[in-house]
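To start, the structure itself, in structure tokens.
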Amino acid sequence: MAGVPVRATKRGPQKTPLDGSHDVLICGASFAGLAVARELAGSGADVLVIDRYEIGERQTSACGIPTEWMRAMGLMAAERQRFDSLLMHTPHGDSRFRLPFTFSTFDYRELCEILWRDCDAGFETAKVNRRLRAASGERTIPVETDRGVISAPLVVDALGWRRMLASGDGYQPPDAPLSRGLEVHPDGESKDLEVWIDRRYVRAGYGWSFPAGDELRIGVGSFDPRFHVRDTTELLAEDLGSEKVRYQGNWIPHKLRGATEGGVFFAGDSAGHCLPLSAEGIRTALYFGIALGRELRGVVEGRQSRETAARRYAEFNDSHEWKFRWMLRVQRLVPKIPPRLLGPLVRALGAKRFIDWSFGHYLQIAPPEFAKPSPNDKHGPRQQQGDSEHPLGAERDLVEAEKA
Ligand SMILES: Cc1cc2nc3c(=O)[nH]c(=O)nc-3n(C[C@H](O)[C@H](O)[C@H](O)COP(=O)(O)OP(=O)(O)OC[C@H]3O[C@@H](n4cnc5c(N)ncnc54)[C@H](O)[C@@H]3O)c2cc1C
């Protein structure tokens, strides 16, 4: 059936018991979790990464990112398409913005595999249930999974917006500050990165089409979690003459949260690291994941205590709070703009000086210079294959639609 994921996750008798203790336990093997693991490579620490799916098995986004981030992390082999402009549609006219830096779309599975290649951690598929209470005086943190209890003194929650290893503060849609996004992945080609600001698709939010070689990623994101995006995602796909197949969707946090809690470290969507307004969360998941990995490396190499790492990482996280707050303010302004003003406004904002200035500041929220090659690059200088053609993976993730 179209749209149903092929699960490689262990089932039945394959699900052998899994317990024991490690130096570092990283829960979640997507952008944030893999970035943390990669920074720990070569440190000698016993690191275990767990996820309910195999690495790269289930795509979690449209996979669009500033090209420089891919280049800085040696991920260019996963690139599928590159864009130097953004075509913006409003009901009252279209504008093409020349971007001061390019964006790329990539293949999720390949990108995860490249990140993983630079790690020397162990990996197991396991579903995380919750964090258990540590025995008194015990510094290791026990985490309950469907395959047993795993403990470590350093535990990372990179599990996405649910923030499973926190105390549980009732942060649930539709009341929590979460956006919702859904997309379809039909076959197709286009040379344009496109965005729609059009209330026909969503009152507060935007629609998009991100081409990635022989596939389009067409979706709608709503800043209002009560707005169901399924119908209008399908409407946009129909308007573009594309098939409604291979759904992918999720809640998207749009507010920064605490970076640590009860000894656990949070990175990526679990810490609200996705940027408001643009809902760009890959770059920031990598960025904060790298920052956290560096702090944890200081602990496993005996250069600092867990408490110092927690304090330093929390300070780093909090130093970004005002930038996230500003972007959230702009996000809240969008639905208040009268539709007839949208076209002229978008055209006015398209002035080169403004685009260069605003996108420059936007990139600096998580700049690509922050990513340096893995400390344990066992593969020598990474091949930068960005300008050559890449074999398009024959196998693509078939992912189930999140019920919008
Ligand atoms: C439709 C859509 C399109 C998007 N497009 C873009 C885009 O083009 N560019 C961009 O920058 N951002 C995009 N985003 C946002 C981006 O996907 C997220 O911000 C980003 O994936 C966050 O990375 P992460 O590593 O924190 O979490 P995730 O990528 O969500 O990974 C979480 C991991 O945890 C695992 N997991 C979850 N729960 C459990 C559990 N209980 N047990 C075990 N494992 C578990 C999951 O399997 C997954 O591997 C999009 C979001 C949506 C919904």
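Annotations
- Candidates G170, Q248, A237 compared by Cα position along the dipole of segment 167-259: farthest toward the positive end lies G170, with charges placed on Cβ.
- Each label point was placed 7 Å from the Cα along the Cα-to-Cβ direction; for N129 and H361 their separation is 4.8 nm.
- Between L345 and S319, the modelled labels are 3.3 nm apart [label points 7 Å from Cα along Cα→Cβ].
- For segment 213-271, relative contact order (Cα pairs under 8 Å, six or more residues apart, normalised by length) works out to 20 percent.
- In the chain, the portion of solvent-accessible area held by carbon and sulfur atoms comes to 52 percent [1.4 Å probe, whole percent, DNA, RNA and ligands not counted].
- Alpha-carbon centroid distance for the pair segment 169-243 / segment 76-129, whole angstrom: 16 Å
- Prolate/oblate/rounded call for the chain, Cα gyration tensor, a/c under 1.5 rounded: prolate
- Here the chain is scanned for GluC sites (Glu not before Pro) in DSSP loops (not H, G, I, E, B) that have at most 11 other Cβ atoms within 10 Å, and the longest stretch holding none of them is 190-388.
- Computed about its Cα centre, the charge dipole of the chain is approximately 1180 debye, with only Lys, Arg, Asp and Glu carrying charge at their Cβ.
- With protein chains left intact and a 1.4 Å probe, residues in the chain average 43 Å² of accessible area per residue.
The values are calculated or read from the model by the stated rules, or taken from the named source; none is laboratory data. Keep in mind the model is a prediction, meaning the values are calculated, not measured. Neighbour counts run over all protein chains shown; Cβ positions are idealised from the backbone, glycine included. Quick note on the areas: whole protein, heavy atoms, side chains included, nothing else; ligands and nucleic acids left out. Shrake-Rupley method; radii C 1.70, N 1.55, O 1.52, S 1.80 Å.
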